[in-house]
Amino acid sequence: MEPDEVLISVDPSLRGTGVSVLQRSAGKIRCLHFDVVKNPPKLSVAGCLLEIHARVQSIIVQFSPHVMAIESVIYVQSFATAITLGSARGAALLAAAQKGLQIYEYAPRRVKKAVVGHGAAQKSQVAFMVRSMLGLTTTPPPDAADAIAVGLAHFQSTASPLKSRSLLK
């Protein structure tokens, strides 16, 4: 029998980072936790990064995952937006690295394709599908649903012989 696998998955954003914890046991996936790190507009960038780091680290301590799955950098037209998103990713990645987690990244289109069946799915479609796939009683907020989808993409990827690329081994 395969051991239980627990992972934390993250959809990074400065003002609304989605976080989830998923468990795969005997081939069945359960959502143990989901949340959104909501940072108010008046909070400085540094304050937002500290909050993302602290919340992700707290969830890691609470659930003891061994792996993080995170959405990879997306194409944006603004350098400022790219830097801000990269900073939010960095805060979450640092929390995982400090706890020794293996880190895997997944492109947004790959995540949507894994959950919805096509890479151009809308946020509402992703939320509907993660609720349906996991038998949740409520639909997660969009950012949390995206984080759950990242975790599902990871489990789908690691169930096949074509493994995703790990950032840390």
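The values are calculated or read from the model by the stated rules, or taken from the named source; none is laboratory data. None of the values given here were measured: they were computed from a predicted structure. Reconstructed Cβ throughout: ideal geometry from the backbone, glycine too, with neighbour counts over all protein chains shown.
Just a few scattered comments:
- Matching entry among Q77, Q62 (being part of a helix (DSSP H, G or I), among the polar types (S, T, N, Q) and either without any contact (Cβ under 8 Å) to a residue 24 or more places away in the chain or closer than 23 Å to D4 by Cα (or both)): Q62
- Consider the range 127-139 and keep the residues that are over 23 Å from H66 (Cβ atoms), crowded, with 17+ Cβ neighbours inside 10 Å and of a type outside the set (G, A, S). The one that is modelled with the lowest pLDDT is M129.
- Selection status of A82, under 20 Å from V6 (Cβ atoms) and assigned to a helix (DSSP H, G or I): no
- Of all the criteria given as (1) closer than 21 Å to E51 by Cβ; (2) crowded, with 18+ Cβ neighbours inside 10 Å; (3) without any contact (Cβ under 8 Å) to a residue 24 or more places away in the chain, the one not satisfied by A92 is (3).
- Unmet requirement for A145, which otherwise passes all of (1) surrounded by 16 or more Cβ atoms within 10 Å (Cβ to Cβ); (2) not in a helix (DSSP H, G or I): (2)
- When residues in the range 1-39 are screened for being touching a His at 6+ places or on another chain (Cβ under 9 Å) and free of Cβ contacts under 8 Å to residues at least 12 places away in the same chain, 0 of them pass.
- Any hit, the range 78-94, residues being among the hydroxyl-bearing types (S, T, Y) and over 20 Å from V36 (Cα atoms): yes
- Any hit, the range 63-71, residues being among the β-branched types (V, I, T) and within 16 Å of P12 (Cβ to Cβ): yes
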